[in-house]
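For reference, the structure discussed in these notes is given below.
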Amino acid sequence: METPLNVAVLVGSLRRASYTRKVVMALAGLAPPTLACHIVEIGDLPLYTEDLDSTPPAAWTRFRDEIRRADAVLIATPEYNRSVPGCLKNAIDVGSRPDYPSAWDGLPAAVVSVSPYKLGGFGANHHVRQSLVFLNMPVMQQPEAYIGDVATMFDAHDRISSPESRAFLERLIGSFADWATLTRRASAVP
Ligand code: FNR
């Protein structure tokens, strides 16, 4: 069997009991063997400033290296005030500098937004997509993933509570495997 694609997973919530992280764990569990998903942590990244480009904090270097090594990135995020939580935007910005092309360049991506409410984080989802356009990342278009009512998605043991939800997550990660295989970048960004 071929080596599975290395999928860097970003979680746009730092909350201990994050629903977004639960969705990510469910997706990783349903992923086909062609994907190896692992969370790249973003909570320790100092806020980006160009002043530190010449002496980057160790956490920035660790993060950029992990993104450079990835074959694809899955971004899952809650919505804060109809937009992207600051921790996730900071991670996107840290990965985008100082090199050009950046660590993100050409990396296949999918965006999943998560909310306890009905709109499923649509605003956050599309604000993330806006950044990925500039970063030259091929983003999976379908299926779109605006996961609403997430509080009902898991039982007390964090198992997916309905066959419909499970089927959707399975279709989502299966489509992403196809997308990442089709659009993976030719080689790691140097
Ligand atoms: C929220 N929440 C929220 N939800 C939403 O659907 N749209 C929104 O614009 C906002 N705005 C918002 C701002 C801030 C500062 C907070 C803390 C929360 C609610 C949010 O969806 C909820 O707290 C989720 O549970 C957060 O995701 P995690 O941490 O469970 O992954």
(message) Please pick out the residue among Val73, Val94, Val24 that is buried (at least 21 other Cβ atoms within 10 Å of the Cβ), in contact with a Pro (Cβ under 8 Å, 6 or more places away or on another chain) and not hydroxyl-bearing (Ser, Thr, Tyr).
(response) Val73
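Among the residues of region 100-118, write down those that are in contact with a strand residue (DSSP E or B) (Cβ under 7 Å, 6 or more places away or on another chain) and either within 16 Å of the ligand (Cβ to nearest atom) or at pLDDT below 95 (or both).
Val111, Val112, Ser113, Val114, Ser115
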(request) Filter region 1-39 down to residues that are away from the ligand (no atom under 16 Å from the Cβ) and either assigned to a helix (DSSP H, G or I) or touching a residue at least 24 places away in the same chain (Cβ under 8 Å) (or both), then give me how many there are. (result) 17
(message) For region 63-92, which positions are more than 25 Å from Leu52 (Cα to Cα) and without any contact (Cβ under 8 Å) to a residue 12 or more places away in the chain?
(response) Asn81
(request) Please go through region 161-185 and pick out each residue that is touching a helix residue (DSSP H, G or I) at 6+ places or on another chain (Cβ under 9 Å) and in a loop (DSSP other than H, G, I, E, B). (result) Ser161, Ser162
(request) Looking for whichever is at pLDDT 95 or above, hydroxyl-bearing (Ser, Thr, Tyr) and more than 26 Å from Phe122 (Cα to Cα) here; the options are Thr20, Thr61. Which one fits? (result) Thr61
(message) Would you confirm, using the coordinates I've provided, whether Asp99 is surrounded by fewer than 23 Cβ atoms within 10 Å (Cβ to Cβ) and closer than 24 Å to Ala180 by Cβ?
(response) yes
(request) Output the residues belonging to region 124-161 that are among the small types (Gly, Ala, Ser) and surrounded by 17 or more Cβ atoms within 10 Å (Cβ to Cβ). (result) Ala124, Ser131, Ala145, Gly148
(message) List pairs: first residue in region 163-181 and free of Cβ contacts under 8 Å to residues at least 40 places away in the same chain, second residue assigned to a helix (DSSP H, G or I) and surrounded by fewer than 17 Cβ atoms within 10 Å (Cβ to Cβ) anywhere in the structure, Cβ distance under 9 angstrom, at least six positions apart or on different chains.
(response) Ser165/Thr152
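The values are calculated or read from the model by the stated rules, or taken from the named source; none is laboratory data. Just so it is clear, the structure is predicted and the values come from calculations on it, not from any experiment. Quick reminder, even Gly has a Cβ in these numbers, built from the backbone with ideal geometry, and neighbours come from all protein chains shown.
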